[in-house]
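The values are calculated or read from the model by the stated rules, or taken from the named source; none is laboratory data. These figures come from a predicted structure and were not determined experimentally. Cβ coordinates were reconstructed from backbone atoms using ideal geometry, including for glycine residues, and neighbour counts include every protein chain displayed.
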């Protein structure tokens, strides 16, 4: 079983240096006040976001993350704060610019970056 700081993307386990969750709540177009000054709230289904931070990435892991970032969609299994357990969601990946360096002595290093996964189908839909 994967730990809280690990995600599983299409069967590939990836350890993250940090994990954060974003649970945005969005109101629909019919939210607001009626002519009778009655407030109506139309809450849309939630589309959560998962952010994985990477501080220390070797060349093999950088290549793996670049391949994952190129996916149009994927199944991501992760520790979910709301349920306090692991869940799997259909998501798509986006990331910061990934800047890697190879020094003259052959040393590889990658600058810290964040890889985010955005839920494609909101819960409750």
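Structure above, values below:
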quantity: Some residue of the range 32-45 being over 17 Å from residue 10 (Cα atoms), surrounded by 14 or more Cβ atoms within 10 Å (Cβ to Cβ) and modelled with pLDDT under 90; calculated: yes
quantity: Strands (runs of 3 or more DSSP E) contained entirely in the range 51-110, each with at least 1 residues that are in contact (Cβ under 8 Å) with a residue 24 or more places away in the chain and within 16 Å of the chain's Cα centre (by Cα); calculated: 74-80, 85-95
quantity: Subset tally (residues that are under 18 Å from residue 55 (Cβ atoms) and surrounded by 13 or more Cβ atoms within 10 Å (Cβ to Cβ)) for the range 78-116; calculated: 13
quantity: Single condition residue 113 does not satisfy, out of (1) over 16 Å from residue 62 (Cα atoms); (2) in contact with a helix residue (DSSP H, G or I) (Cβ under 9 Å, 6 or more places away or on another chain); calculated: (1)
